[in-house]
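Please read the structure below before turning to the comments.
The values are calculated or read from the model by the stated rules, or taken from the named source; none is laboratory data. As the structure is a prediction and not an experimental result, all values here were calculated from the model. Note that we place each Cβ from the backbone using ideal geometry, even for glycine, and neighbour counts take in every protein chain shown.
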Amino acid sequence: MTFTAFTPNRRQALGTLSIALAGAWGLSACSPQDAATKPVAGSVKPAESYDLLAKEGRGFNVGALMSANTVYVLFDPQCPHCGHLWEQALPLHKKVKFVWMPVAFIGAKSAPQGAALLTAADPVAAMTTHEASILAGTGGTSASSSIPDDIAAAIKKNTDLFNSMGVESVPFIVAKNASTGQVVTNAGAMETAALAQFLGLN
């Protein structure tokens, strides 16, 4: 069975989101509408998105790097719900490989922070520190606005892929359920137990 869950758009000021809201199921995603950036109408079906991200997306790998089971996560570095998902996914790193792919639509810091995370020598440490800062409301990792051309192009490509799928919010997960082999997608943060069940790891 393919699980596809899209959260409703929320027109809240991102700066007022708290850790409690980041953990609330009904408010588990950040939408381009929050940032006054309208998404492009999607043309890619969820079942096609897995191969598309594998071939054309760019992210940093964490978790069980030798695992054949890869989970792709599209995220904006300024999204607190992405930070919540990051924290909840950490216990599953021994079971599955995650590829976190930065997109940029929330604000001016999104692309520079995405570039810093994408090129970090220790992605787990960098992302953990960054997301803790985002959840604490302190803005995340300091990053240079000068981004190498290839990294800027990669983040733009990720964002274009995000739009091509008609996705309404981040974090957006694309994976193959380990039990069924079916491509599954979900927009929004999830708790560890729910994420494990969604990925077929139970």
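Out of the residues in the stretch 124-153 that are hydrophobic (A, V, I, L, M, F, W, C) and farther than 14 Å from His81 by Cα, state the one that is surrounded by the fewest Cβ atoms within 10 Å (Cβ to Cβ).
Let us first name the residues in the stretch 124-153 that are hydrophobic (A, V, I, L, M, F, W, C), namely 124-127, 132, 134-136, 143, 147, 151-153.
Among the residues that remain, those that are also farther than 14 Å from His81 by Cα are: 124-126, 143, 147, 151-153.
Values: Val124: 14, Ala125: 10, Ala126: 18, Ala143: 18, Ile147: 19, Ile151: 18, Ala152: 16, Ala153: 12.
This residue is Ala125.
Restricting attention to the stretch 123-154, report how many residues are closer than 18 Å to Ala104 by Cβ, touching a strand residue (DSSP E or B) at 6+ places or on another chain (Cβ under 9 Å) and touching a residue at least 24 places away in the same chain (Cβ under 8 Å). So that I can check it myself, show each step before the final result.
Residues of the stretch 123-154 closer than 18 Å to Ala104 by Cβ: 123, 126-127, 130-131, 133-134, 139-154.
Still in the list and also touching a strand residue (DSSP E or B) at 6+ places or on another chain (Cβ under 9 Å): 123, 126-127, 154.
From the residues that got through so far, the ones that are touching a residue at least 24 places away in the same chain (Cβ under 8 Å) too are 123, 127, 154.
Here the count works out to 3.
For the structure I just gave you, tell me whether Lys156 is out of contact with any helix residue (DSSP H, G or I) (no Cβ under 7 Å at 6 or more places or on another chain), exposed (fewer than 15 other Cβ atoms within 10 Å of the Cβ), within 24 Å of Leu65 (Cα to Cα) and not aromatic (Phe, Trp, Tyr).
On the way: out of contact with any helix residue (DSSP H, G or I) (no Cβ under 7 Å at 6 or more places or on another chain): yes; exposed (fewer than 15 other Cβ atoms within 10 Å of the Cβ): yes; within 24 Å of Leu65 (Cα to Cα): no; not aromatic (Phe, Trp, Tyr): yes.
So Lys156 fails the test.
Would the stretch 102-113 turn up any residue that is closer than 13 Å to Ile173 by Cα and free of Cβ contacts under 8 Å to residues at least 60 places away in the same chain?
Yes, the stretch 102-113 contains at least one residue that is closer than 13 Å to Ile173 by Cα and free of Cβ contacts under 8 Å to residues at least 60 places away in the same chain.
Among the residues of the stretch 186-202, how many are at pLDDT 95 or above and either among the hydroxyl-bearing types (Ser, Thr, Tyr) or surrounded by fewer than 19 Cβ atoms within 10 Å (Cβ to Cβ) (or both)?
Residues meeting the conditions: 6.
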